[in-house]
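The values are calculated or read from the model by the stated rules, or taken from the named source; none is laboratory data. A quick note: this is a predicted structure, and the numbers were derived from the prediction, not measured. When we count neighbours, we look across all protein chains shown, and the Cβ atoms used for this are built from the backbone with ideal geometry, even at glycine. Side chains included, ligands, DNA and RNA excluded: accessible areas come from the protein's heavy atoms. Shrake-Rupley method; radii C 1.70, N 1.55, O 1.52, S 1.80 Å.
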Amino acid sequence: QHAEAAETAAAGFSRAAQQDSGLLHQHLQAIGTQLEALHQDFETKLKYDEAKDRQLDALHRELQAHRDDLHFKILRPVLMDLIAMYDDLQSIARHEDGRNPADLSDGEVRMRRNLASFADTIEEILERYGVTAFTDEGDTVLPQRQRSIKQVETIGVGQDRRIAERLRKGFCHGDKVLRPEIVSTYRAAPNRAVDLSSGGEE
C-alpha cells in the first residue's frame, strides 16, 4: 500500500510538473512574442525618427539657403557700389601712375598713397562680406569670368582675340561672379595680318 501511494504521488507530481512546464513554456512564448512586438515597434519608431530627422535637416538646409540668398540679394547693390568705387580709385591711380614721379608735388604724392590705401581698404571690406577679387591666368578670354571692352589692332595672326591688357580685377561671391574681369583684346588688322611664327605675310 505504501508503494502504491508513493507511485500515485510520484505520478501526480510528474503530471503537475508537466503542467507547470507547459505553463512556463506558454509564458515564455508570450513574453517572446511581446518582446518581438516591442522590437518591431522600436524599429518602426527608429525609422520614423530617422526619416523625420532627414526631413528636418532638408528643411533646415533649404531655409539656410533661402536666408543666404535673401541676404545676398539685399547686400548685392551695396557690394556693387563698393566695386564701382574701387574701379574709380583704380582708374585715378592708373592715371597718376602715368605721370613722372619727379613732377609730383608732396601733396600729390600723399594723395597717391591715400588713393592706394583707400582702394586696399575697400578690397578688405569686400573680403569681409565674402567677395574676392580675381585675375584669371592665361591669354584666352573666359566668357563666364572675363569681358573685353576694348580692342587693340595687331598684325600678328596668333594674337587675334587674345588678351592684350588686364584693365580691372573681377569680383566673385562664392561661385557667383559679381563683376567679370575687364580686359582688352587684340584684333587682327584687316589685310595686314602677319604670321609672326614664320615671318611671312598672309
Quiz item: residue 166: modelled with pLDDT of 90 or more, touching a helix residue (DSSP H, G or I) at 6+ places or on another chain (Cβ under 6 Å) and either open to solvent by less than 70 Å² (accessible area, probe 1.4 Å) or more than 23 Å from residue 75 (Cβ to Cβ) (or both), yes or no?
Solution: no
Practice problem: Six or more apart or on different chains, Cβ under 9 Å: which pairs go from a residue in the stretch 107-126 that's in a helix (DSSP H, G or I) to one that's open to solvent by less than 80 Å² (accessible area, probe 1.4 Å) and small (Gly, Ala, Ser)? Could you list them? | Solution: 112/93; 115/93; 116/93; 119/93; 123/133; 126/133
Quiz item: Under 8 Å by Cβ, and 6 or more places apart or on different chains, what pairs join a residue from the stretch 60-71 that is touching a residue at least 12 places away in the same chain (Cβ under 8 Å) with one that is surrounded by 10 or more Cβ atoms within 10 Å (Cβ to Cβ)?
Solution: none
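Listed here are the residues, each with its yes/no results for (1) at pLDDT below 75; (2) over 30 Å from residue 171 (Cα atoms); (3) assigned to a helix (DSSP H, G or I).
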site	(1), (2), (3)
16	yes, yes, yes
27	no, yes, yes
39	no, yes, yes
48	no, yes, yes
53	no, yes, yes
59	no, yes, yes
63	no, no, yes
87	no, no, yes
94	no, no, yes
Quiz item: Going by the structure shown, is residue 70 assigned to a helix (DSSP H, G or I), at pLDDT 80 or above, open to solvent by 80 Å² or more (accessible area, probe 1.4 Å) and within 30 Å of residue 177 (Cβ to Cβ)?
Solution: yes
Practice problem: State all residues of the stretch 137-152 that are touching a strand residue (DSSP E or B) at 6+ places or on another chain (Cβ under 6 Å) and among the acidic types (Asp, Glu); if no residue qualifies, say none. | Solution: 139
Practice problem: Identify all residues within the stretch 102-113 that are open to solvent by 90 Å² or more (accessible area, probe 1.4 Å) and modelled with pLDDT under 75; write none if there are none. | Solution: 103
Quiz prompt | Check on residue 130, open to solvent by less than 40 Å² (accessible area, probe 1.4 Å) and on the phi > 0 side of the Ramachandran plot | solution = yes
